[in-house]
Each structure stands twice: as C-alpha cells, then as structure tokens.
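Peer 1: For reference, the structure I am asking about is given below.
Where a number appears in this text, it was derived from the coordinates with a stated rule and is not lab data. The shown structure was predicted, so the numbers you read here are calculated from the model rather than taken from an experiment. Backbone-built Cβ (ideal geometry, glycine too); neighbour counts: all protein chains shown.
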Amino acid sequence: MSFTGITSLVAAKQRNEAQDGNCGANAIRGECVDAYNVVTVLNEVPPNAGRDMIRPNISGSDKKLIRFCDLDLSRLPQSDLLRGTDADGLERIRQRWSHSTEVFSMRNYPAGSFSEAGRAYRAHILHHDYGSGMAQAFNNDLFALLSSDNGIEEKKRPWLPW
Amino acid sequence: MTMRGFVLAGLLAMVSVGGEVSAEEVATGCDCGSTDAAAPCTGNALYVRVDATRRGSHSDAVFEWEFNANGGLAYCGQFANGDYWIAPRPPGKVSKLRLYTVMDRSAPTRIQSWKAWVYWTVRIITGIIVPMKTSCPLCP
C-alpha cells in the first residue's frame with residue numbers, strides 16, 4: 001500500500017466479549033470496540049519532528065497540521081473554581097481521548113442499524129458505554145483543563161519527558 | 001559486605017561493562033525522542049499499548065504496526081498528543097505498510113493477574129512443604 005498526501009490510518013481493536021464481557025447492551029453484541037490507535041502518514045518530516053504539533057483530524061481529506069505556536073492558548077479561561085489534576089490525571093485524559101473516536105451508527109440495508117447510534121464504537125476500555133457516561137467524562141476532563149490548578153505548559157505535554 | 005552485597009555488586013559491574021548502548025542504537029526506533037526535523041527518528045515498527053482504565057474492562061489493547069519505506073526504515077515520530085506519524089525517507093513513498101493488532105499474550109489480564117497472584121502465593125507458601133506438581137494453568 002502506498003500513500004500520497006496526508007493519510008490517517010485508524011485501527012480499532014474489537015472487544016473480546018467472551019473474555020471481557022459485552023459492552024452494555026445485547027443490541028450491540030459482537031460489535032464492540034475496545035480502543036483505537038491512529039497513525040498519520042505524512043509527506044515529509046514535520047517541524048520539530050511533530051513534538052509541538054497536534055495530530056491532524058482523522059476524517060476528511062483536508063488535514064491541517066497545527067502547531068502550538070499557531071494557537072494563543074493564553075486566551076483559554078483559567079478558573080480557580082474548577083478542580084485541576086496531577087500529572088497522572090493529565091496523562092489519563094490524554095490517553096482517554098487519544099484512543100477514542102466518535103463514530104456514529106451505520107445502517108446496513110436491509111439488515112438494519114449497526115452500533116446503536118455509535119454506542120458500539122466507543123472505546124470501551126476507556127469510556128462508559130452509554131452516551132451520558134462519555135459526556136460526563138468529556139465535561140470533567142474539559143473542566144480540569146480549564147482549571148487554574150495546572151499551568152498551560154503542564155497541560156500541553158503531560159507525558160513527554162522533554 | 002554480605003554475600004548478597006557481593007552478588008549485587010557483581011551484577012552491577014556486569015551491567016556497567018556489558019550493558020552499554022551505543023549512541024547509534026539509542027537513536028533508532030520511533031521513540032528516539034528527536035525533536036530535530038533534520039535528524040528525526042527512524043524505524044519500521046510501532047508498539048502502542050492502551051491501558052484498560054475503565055472499571056470492569058480487563059484487557060489492555062495492544063496495537064502493532066509494521067511499515068517500511070521502499071524496504072528500508074521510514075522516518076517516524078510522535079505528535080504532541082503521543083500519536084505517531086510516519087513519513088518517507090527520500091526518495092520514494094512509505095510503502096508496503098502492514099498493520100495488525102494483537103492481544104499481548106505475555107501480559108496477563110487483570111483477572112489472570114489476580115488468579116496468578118493467588119496461585120503463586122499459594123505455591124510459594126505450600127512449595128516449601130509440598131511442592132505443587134501441576135504447572136500454572138493461567139500463566140503464559
């Protein structure tokens with residue numbers, strides 16, 4: 001397989017339901033995903049070898065390579081009313097969303113819908129299988145990132161040793 | 001120095017003499033940590049483990065990728081969020097990319113870990129008196 005342009009490769013690991021149980025509903029038995037991993041194929045080596053760059057969007061053909069210096073992160077609100085987290089907590093946030101996608105349900109005519117509105121496609125080893133649980137995680141993580149307990153530099157790179 | 005101290009010192013000496021890694025070896029692989037676009041990491045494989053952090057989830061997810069650039073090493077590295085990128089080493093394109101995901105059989109799942117812990121605890125305790133004859137059915 002050869003590539004031109006910027007290409008996103010998205011791998012999904014299907015849940016081993018015999019070993020780890022199903023993912024919350026009989027309607028999506030045999031359809032569940034445990035986690036995703038994205039590898040991006042580029043034309044050339046990015047500036048700073050990508051270490052200050054955000055992974056481009058996985059969907060669509062227009063993939064922008066955005067660096068931290070393209071953003072004014074100081075404009076993000078920093079509230080002392082919100083609770084921050086420690087380095088491990090920031091790393092968990094990074095991992096939770098780095099290995100998730102939000103893919104909606106597909107319809108397989110005439111068999112019917114697949115994935116029950118995207119429920120089967122959630123990363124089940126990282127998220128609650130129901131939408132409200134995932135929304136709660138999103139809100140909690142977003143609020144933690146908007147807390148003044150942690151500085152911008154700390155939030156940018158919770159896991160990298162540089 | 002106790003006997004244990006001698007053994008430890010000997011092991012450390014062996015490591016310090018024989019365990020040296022050349023700069024070239026350190027600089028290989030997509031985890032080399034380079035932030036220099038002129039001298040990026042090179043590699044032809046990625047290993048990514050996603051820890052099962054949600055309660056009730058037992059198996060970590062492991063992703064393994066293999067790729068090459070016209071049969072050789074490709075440039076590779078990580079974005080700020082930890083996801084990997086790969087790029088061709090000129091001339092040519094990244095090609096023959098092969099992907100597979102596997103369960104890491106060498107790492108017990110959490111349930112297996114718990115059972116293995118009980119197994120080995122029992123075995124260590126009872127082994128002094130009555131060595132167990134059966135092999136561990138749960139360990140890889």
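Peer 1: In whole angstrom, how far apart do the alpha carbon centroids of the stretch A:57-72 and the stretch A:8-41 sit?
Peer 2: Between the Cα centre of the stretch A:57-72 and that of the stretch A:8-41, the gap is 26 Å.
Peer 1: Which of A:Met134, A:Met53 comes first, and how do the rest follow, when ranked by fewest Cβ neighbours within 10 Å?
Peer 2: On the way: A:Met134 20, A:Met53 24.
Arranged by neighbour count, lowest to highest, A:Met134, A:Met53 become A:Met134, A:Met53.
Peer 1: May I pose another question? Residue by residue through the stretch A:56-68, what is 3J(HN,Hα) from phi via Karplus (6.51 cos²θ - 1.76 cosθ + 1.60, θ = phi - 60°)? Round to whole Hz and write x for glycine and proline.
Peer 2: x, 4, 7, 9, x, 9, 8, 10, 9, 9, 9, 9, 4
Peer 1: When the Karplus curve 6.51 cos²θ - 1.76 cosθ + 1.60 is applied with θ = phi - 60°, which whole-Hz ³J(HN,Hα) does each residue of the stretch A:36-53 get, with x for Gly and Pro?
Peer 2: 10, 9, 10, 10, 9, 8, 9, 6, 8, 5, x, x, 6, 6, x, 6, 10, 10
Peer 1: Roughly how crowded by other chains is peptide B:39-51, in terms of the mean Cβ count from those chains within 10 Å of each of its Cβ atoms? Before the final figure, lay out the partial values.
Peer 2: Details: counts 2, 6, 3, 0, 0, 0, 0, 2, 0, 7, 3, 13, 7.
Mean inter-chain Cβ contacts per residue within 10 Å come to 3.
Peer 1: Cross-link candidates for A:Lys156: which aspartates and glutamates have Cα within less than 18 Å, leaving aside residues fewer than 8 places away along the same chain?
Peer 2: Cross-link targets: A:Asp52, A:Asp70, A:Asp72, A:Asp86, A:Asp88, A:Glu91, A:Asp141, B:Asp83.
Peer 1: Can you give the percent of C-alpha pairs in the stretch A:1-102 whose distance is more than 24 Å?
Peer 2: Pairs farther apart than 24 Å: 46 percent.
Peer 1: Along the Cα→Cβ direction, 7 angstrom out, place labels at A:Ala135 and A:Asp72. What is the inter-label distance in nm?
Peer 2: The two pseudo-label positions are separated by 3.3 nm.
Peer 1: A:Leu142 to A:Val10: extension gain in nm, 0.36 nm per residue of separation minus the Cα-Cα distance?
Peer 2: Extra length from A:Leu142 to A:Val10 when fully extended: 45.1 nm.
Peer 1: State whether the stretch A:55-162 is rounded, prolate or oblate according to the following rule on the C-alpha gyration tensor (a ≥ b ≥ c being the square roots of its eigenvalues): a/c under 1.5 gives rounded; otherwise a/b larger than b/c gives prolate, and the remaining case gives oblate.
Peer 2: Because a/c hits 1.5 or more and a/b exceeds b/c, the stretch A:55-162 counts as prolate.
Peer 1: A further question follows. Per residue of A:84-91, count partner chain C-beta atoms within 10 Å of its C-beta, then hand back the mean as an integer.
Peer 2: On the way: counts 0, 0, 0, 0, 0, 0, 0, 2.
Mean partner shielding for this stretch: 0.
Peer 1: Please work out the FRET efficiency for the pair A:Met106 and B:Ala38, using the Cβ-Cβ distance as r and a Förster radius of 51 Å; give the result to the nearest 0.05. Numbers along the way, then the final one.
Peer 2: Details: r = 44 Å, r/R0 = 0.86.
It comes to 0.70.
Peer 1: For the stretch A:38-84, count the residues as N, evaluate 2.2 N^0.38 Å, and divide the Cα radius of gyration by that value, please.
Peer 2: 1.52
Peer 1: GNM, chain A, Cα, under 10 Å: largest mean-square fluctuation among A:Ser74, A:Ser132, A:Ser115?
Peer 2: A:Ser74
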